[in-house]
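K.L.:
Take this structure first; my questions come after.
The values are calculated or read from the model by the stated rules, or taken from the named source; none is laboratory data. Because the structure is a prediction, the values reported are computed rather than measured. Note that we place each Cβ from the backbone using ideal geometry, even for glycine, and neighbour counts take in every protein chain shown. SASA here: full protein model, heavy atoms, side chains in, ligands and nucleic acids out. Shrake-Rupley method; radii C 1.70, N 1.55, O 1.52, S 1.80 Å.
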Amino acid sequence: MADPLIVTIDGPAGVGKSTMAKRLARALSIPYLDTGAMFRAVALRLGDGAWERGEADLASALAGMEFSLSGVGEDSVLSLDGAPIGDEVRTEQVAMWASNLATLPVVRASLKAAQQTLGKRFSLVAEGRDMGSVVFPTARRKFFLDATADERARRRLRQLADMGKTADFDDLREQIARRDHQDRNRAEAPLRPAPDAVIIDTTSLAIDEVFAALVRGVRG
Ligand code: DC
């Protein structure tokens, strides 16, 4: 069998990585891997304050967790211990717990191993913070999407409105900025583009324009 095709999409919270990863994975007929969902699922499973537990305790809790993946494109299903990871992980509180856990080398090492195992079994569009820089350094194509915090907060507000929910713009912007700061400044695998990543500033681009840039990048 040919080596799996790995395409990576990294970038900050709320930049539209998942939307793009699903679409690109559909176009390539391969699964997409939402690695933020892995950190979120672990965070939800371990609960509030888990980042203060000792390293050995966390290592043994993580050793008992198994991720699996099925499906293609937007129908990809990522599961933890056989249960699909769903909307229960999509709260700003769980996101912040995930970001806290993601500063810990023991957590990163465990999830990196799980991500690389999936990348040996499947071709993937893998999205997260360190896919191109750390987890899949030899990926065929690497992208880094960026946008101002204001624009990302506006997009999140629109997304929530589409789901019939309301939120305060300043609160959203604050939450995004706080998580960005922690994700960019941690010692282990901080959010930054791989040297060979194609950087796309999406601030003033429409979704279709970003997608077209990704497709050009994959074909080029
Ligand atoms: O992409 P997301 O918002 O679902 O990610 C939630 C948190 O998980 C994010 O703030 C930092 C962490 N994360 C990470 O450190 N590395 C990844 N590859 C993906 C997510």
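K.L.:
List the pairs whose first member sits in region 165-185 and is assigned to a helix (DSSP H, G or I), whose second member is open to solvent by 40 Å² or more (accessible area, probe 1.4 Å) and away from the ligand (no atom under 13 Å from the Cβ), and whose Cβ atoms are under 8 Å apart, counting only residues at least 6 apart or on separate chains?
P.N.:
Taking only residues 6 or more apart or on different chains, the pairs are Phe169/Arg154; Phe169/Leu157; Leu172/Leu157; Arg173/Asp150.
K.L.:
Going through region 125-138 one residue at a time, which ones are buried (at least 22 other Cβ atoms within 10 Å of the Cβ) and either among the β-branched types (Val, Ile, Thr) or away from the ligand (no atom under 13 Å from the Cβ) (or both)?
P.N.:
Result: Val125, Val135.
K.L.:
Restricting to region 59-72, name every residue that is more than 30 Å from Arg152 (Cα to Cα) and within 15 Å of the ligand (Cβ to nearest atom).
P.N.:
Leu62
K.L.:
Now for a separate question. Being out of contact with any Ser or Thr (no Cβ under 6 Å at 6 or more places or on another chain), part of a strand (DSSP E or B) and more than 10 Å from the ligand (Cβ to nearest atom) is the filter here; which residues of region 1-49 pass it?
P.N.:
Matches in region 1-49: Ile6, Val7, Ile9.
K.L.:
Exactly one condition in (1) open to solvent by less than 20 Å² (accessible area, probe 1.4 Å); (2) under 15 Å from the mean Cα position of the chain (by Cα) is false for Tyr32; which is it?
P.N.:
It fails just one condition, (1).
K.L.:
Residues of region 43-65 being closer than 20 Å to Ala83 by Cβ, open to solvent by 50 Å² or more (accessible area, probe 1.4 Å) and touching a residue at least 24 places away in the same chain (Cβ under 8 Å), which ones?
P.N.:
Across region 43-65, the qualifying residues are Leu44, Arg45, Ala63.
K.L.:
If I ask for residues that are open to solvent by 90 Å² or more (accessible area, probe 1.4 Å) and not polar (S, T, N, Q), which ones from region 198-220 would you list?
P.N.:
Ile199, Asp201, Ile207, Asp208, Glu209, Arg216, Arg219
K.L.:
Can I ask one more? Condition check: β-branched (Val, Ile, Thr), away from the ligand (no atom under 12 Å from the Cβ), in a helix (DSSP H, G or I) and at pLDDT 95 or above. Does Val94 satisfy that?
P.N.:
Criteria not met by Val94.
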